Amino acid sequence: MAIQPSRPLRLFAEYLRQERVNLTERWMKAVFNDTELTESDRLTYEQLSDHVPAILEEISSALEDQDLDQVEPSIECSAKQHGRLRWKQGYRIDELTRELDLLRQVLMGAIVGFAEGHPAFTRRHEERARHFIDEAISFVTLTSIREVVTERDRKIDEYTGRLERANHELLLKQKLVGELHESRMQITRSVVHDLRNFLNVFSMALQMIARAPARTEAALALANRQAADMKTLVDELVEYSIVLGDTNAPAVEAFDLRGLFDELVASCGPLVEAKGLRLVHRFDPPLGMITSNRLKLKQIALNLLTNAAKYTKAGEVELDMRTCGDAHWRLRVSDTGVGIGEQDQERVFREFERANQDDVPGAGLGLAIVRELCRVLHGDLRFASHEGEGTTFEITFPLDLAVGN
C-alpha cells in the first residue's frame, strides 16, 4: 500500500535519476575490480551495463511514490532481460547474485552521500530509502535467478531432446546395419545354395553322358535348362546390384506414357500367351506426357508382369495405367495366379524370398527390385493377394517427378 512520500525522499529519488550514469559507472568499476566476477572481464561497456540504468530509473520511481507495487511489472521485465542476457554471457548464478549485491552496495553508498549533503534527510528517511532499495534489489535478484534457471532448464531439455533423438537415430542405424548384414548374408547363402545345386545337376548331366551315351540328348537338355536358370539368377543379381549401387538422383525426362504402355504390351504379350494366358491391357486416354525416369518405370512394370506370368497357370494377367487425381497416375498389374498367403505377405519384398513354388524359375529378387525402384521414383506401392485367387499390385507415381526432387 502506498503512503504519502516526504519531500526528502522525493529529492533523493531525483538525485538517483541525475546520478544514474555516475552510479552505473561506479557499479561497473566495482564489478570489474571484483576478483570473483571472472565473466565480466569479457564484456564491453554496453554489455555490462545492459538493463542497470533502467532498473535505477524504476527504483527512483518506487522511492518517489513510496510504492514498489506500481513499478514491479517494469522491474520484473528488466530483471528477466538482465538474467536472460547474463545467462547467454556465461554468468553463473553466484556471479549474478554477487553482481547485483555490488549494485546494492553502490546504492547504499549513494544514500550516505546524499544524507551528508542534505540535513533534512534524517535517519528515518535513510531507513526508508534502504528498505525500498533492499526490496527492489532483492526482487531483481530473485527474478534474474529464476530467469537463469528457466533458461538453463530449457537448454537442458533441448540438449536432452537432442540426445534422445541422436540415440534413437543411432539405434535405428544399428538396426539397419544389422538388417543389412543379415540381408547380405542371406544373399551369400542363397547364391551359394543355387550354385551348388547348379554344379550338382550339371555334374549329374556330365556323368550321364559318360556312363550312358544313349541318354546324351536328355543329359544335354538337363544341362541347358540348368544353365538357363543360372543365367536368370546372374541377370537378376546384376540388375539388383545396379539398382542398389545407383545412389544418384534419377535422371528425368518428359515422355509419352502411352508409348511405354504399348511397348510393354508388345514385349510381354508373347510371354503371357505362351503359357496359355490372356493379357488384358487398359490405358486411360487422358493420361499422356509425364516427367519421370522411363527406364526405371519399364523395369518396375516388366518385373511385375514377369512375376504375374510366372505364378499364373490359368486365367489372365492385367496391365492397367490410369490417371489418379491432378498430380499422379497409377500402374496396376494383376493376375489370377497362385496368390500369396497372408503369412508370406510381409516377406515377399525381401531378397531371395518367393512364393511356395519351387518349380518357378528365378532368384526371388524381382519384388525387391520393384520396391527399391519405387522408393527412387517416389512411388506408393500397395498390393493385395489371396492364396489361390491371384495378386494385384498398384503403384501411384507423380506425373512430374522433377517437382518432388
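Readers should treat all values here as calculations from the given coordinates under stated rules, not as data from a laboratory. Computed from a prediction, not measured in an experiment: that's the story for all the values here. Cβ: placed from backbone, ideal geometry, glycine included. Neighbour counts: every protein chain shown.
Can you tell me how much longer the chain between VAL112 and LYS275 gets when fully stretched, taken as 0.36 nm per residue apart minus their C-alpha distance, in nm with one decimal? It would help to have the intermediate numbers written out before the result.
Values: separation 163, 0.36 × 163 = 58.68 nm, distance 11.00 nm.
This chain segment gains 47.7 nm when fully extended.
Can you work out the FRET efficiency for the pair ALA212 and ALA314, with r the C-beta to C-beta distance and R0 = 45 Å, to the nearest 0.05?
Values: r = 37 Å, r/R0 = 0.82.
Efficiency, rounded to the nearest 0.05: 0.75.
Listed by Cβ neighbour count within 10 Å, with the fewest neighbours leading, CYS268, CYS324, CYS77 appear as CYS77, CYS324, CYS268. Arranged from fewest to most other beta-carbon atoms within 10 Å of their beta carbon, GLU126, GLU25 become GLU25, GLU126.
Quick one: if the Förster radius is 56 Å, what FRET efficiency do ALA384 and LEU170 give, using the C-beta to C-beta distance and rounding to 0.05?
Numbers: r = 36 Å, r/R0 = 0.65.
About 0.95, to the nearest 0.05.
Full extension of the segment from ASP262 to THR122, taken as 0.36 nm per residue of separation minus the current Cα-Cα distance, would add 39.8 nm.
Placing a label point 7 Å from the Cα of LEU163 along the Cα-to-Cβ direction, no residue of the stretch 78-105 has a backbone N closer than 19 Å. Bridgeable lysines around LYS29 (alpha carbons under 29 Å apart, same-chain partners fewer than 8 residues away excluded): LYS80, LYS88.
Using Cα-Cα distances under 8 Å and only pairs 6 or more residues apart, what relative contact order does the stretch 253-404 have, in percent?
On the way: 284 pairs, mean separation 38.0, N = 152.
About 25 percent, as a whole number.
What the Cβ-Cβ distance of ARG7 and ASP34 gives, at R0 = 41 Å and to the nearest 0.05, is a FRET efficiency of 0.70.
Among PHE255, PHE32, PHE114, what is the fewest-to-most ranking by other Cβ atoms within 10 Å?
Working: PHE255 16, PHE32 12, PHE114 19.
With the sparsest Cβ surroundings first, the list reads PHE32, PHE255, PHE114.
Each label point was placed 7 Å from the Cα along the Cα-to-Cβ direction; for LEU295 and ILE156 their separation is 5.7 nm.
Gain in length, LEU220 to GLN89, computed as 0.36 nm per residue apart minus the alpha-carbon separation, to one decimal in nm?
Details: separation 131, 0.36 × 131 = 47.16 nm, distance 8.50 nm.
Net length gain for the segment: 38.7 nm.
Could you name the lysines in cross-link range of LYS313, using Cα to Cα under 16 Å and dropping any fewer than eight places away on the same chain? Filter leaves LYS275.
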